[in-house]
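Everything on this sheet refers to the single structure shown next.
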Amino acid sequence: MDKRTFLKTGVLATAAAFVNPFRMISNNQSIEIGVAELMLPGNFQLPALAYKFDALEPHIDKMTMEIHHDRHHAGYVNNLNKAVDGTPYLNMGIEQILGSVKASDTAVRNNGGGHYNHTLFWKLMKPNGGGTPSGRIADFINAKFGSFDKMKEQFNAAATSRFGSGWAWLCVNKKGDLYITSTPNQDNPLMKKIVKKDYGFPILGIDVWEHAYYLKYQNKRGDYVGAFWNVINWEEVNTQYDMAMKMFGK
Ligand code: MN3
């Protein structure tokens, strides 16, 4: 290990000891949740995209990506940092915030969900993505839903029937089973006090707020949902699945 590597590793180790990405979230299990590396308590940051704004064209257009990331997501980050200030949430990572937020804590609920959901969403997409699922998740989808197409049907139905703004999700529940659900606004399946029986770990999700598709698709949400299947990063879905199983001790 050269000096530079050593310094970097040393700094990271110190930061890890301080920030502790392995957090207690449920059943006293320490887990590293999907997007923990970007979630420092009280000082949340807008994560950089791993691809250019136009990289998901023609399925998701450049201007939508730019506004969505630089303005909408940035707004959730800024407002979350303000909302946690002076509250017990200040010392929590985002995953712990989602696990403990109450329905009445509106600003933390909306902006905490907004930050987590979008951070995950960017990671779940990539240029030249899509196709049929690869890796371990392919087998689990077939076993649970019968086929990939049947899973898509259910997911599309959840995404298109969500009234108003929200998200559709493919999740893992406490038993390690896959299920599909949707949440309003910026709620998230990790918000156990809010989603109750729908509690679980989201491994795939689509933003169905109009800001996610209106510039290109206008009122045709179904076309946007259909196009989403062309940009999915299945490697990341597999990674999220592994984290879910770890979180639930499976
Ligand atoms: Mn959005």
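The values are calculated or read from the model by the stated rules, or taken from the named source; none is laboratory data. It should be emphasised that the depicted structure is a prediction, and the values quoted were computed from it without experimental measurement. We place every Cβ from the backbone using ideal geometry, glycine too, and count neighbours over all the protein chains shown. Protein only, heavy atoms only, side chains kept; ligands, DNA and RNA dropped before computing areas. Shrake-Rupley method; radii C 1.70, N 1.55, O 1.52, S 1.80 Å.
Solvent exposure of the stretch 131-234 amounts to 44 Å² per residue of accessible area, where only protein heavy atoms count and the probe is 1.4 Å. For the pair LYS102 and ARG136, label points projected 7 Å from Cα toward Cβ lie 3.7 nm apart. Carbon-plus-sulfur accessible fraction, the stretch 151-250 (probe radius 1.4 Å, protein heavy atoms only): 48%. Karplus-based coupling profile of the stretch 58-68, in residue order and whole Hz: x, 6, 10, 7, 4, 5, 4, 4, 5, 5, 4, with θ = phi - 60° in 6.51 cos²θ - 1.76 cosθ + 1.60 and x standing for Gly or Pro. Checked against a 29 Å cut-off, the cross-linked pairs LYS150/LYS216; LYS82/LYS174; LYS193/LYS250; LYS144/LYS196; LYS175/LYS216; LYS196/LYS250 give Cα-Cα distances beyond that limit for LYS82/LYS174; LYS175/LYS216. Extending 7 Å from the Cα toward the beta-carbon at both HIS211 and LYS62 defines two label points whose distance is 2.2 nm.
Modelled label positions at GLN218 and ASN91, each set 7 Å beyond Cα in the direction of Cβ, lie 5.4 nm from each other. The percentage of C-alpha pairs in the stretch 61-250 whose separation is greater than 20 Å is 53%.
The order of the peptides 197-207, 215-225 by mean Cβ neighbours within 10 Å, most packed first, is 197-207, 215-225.
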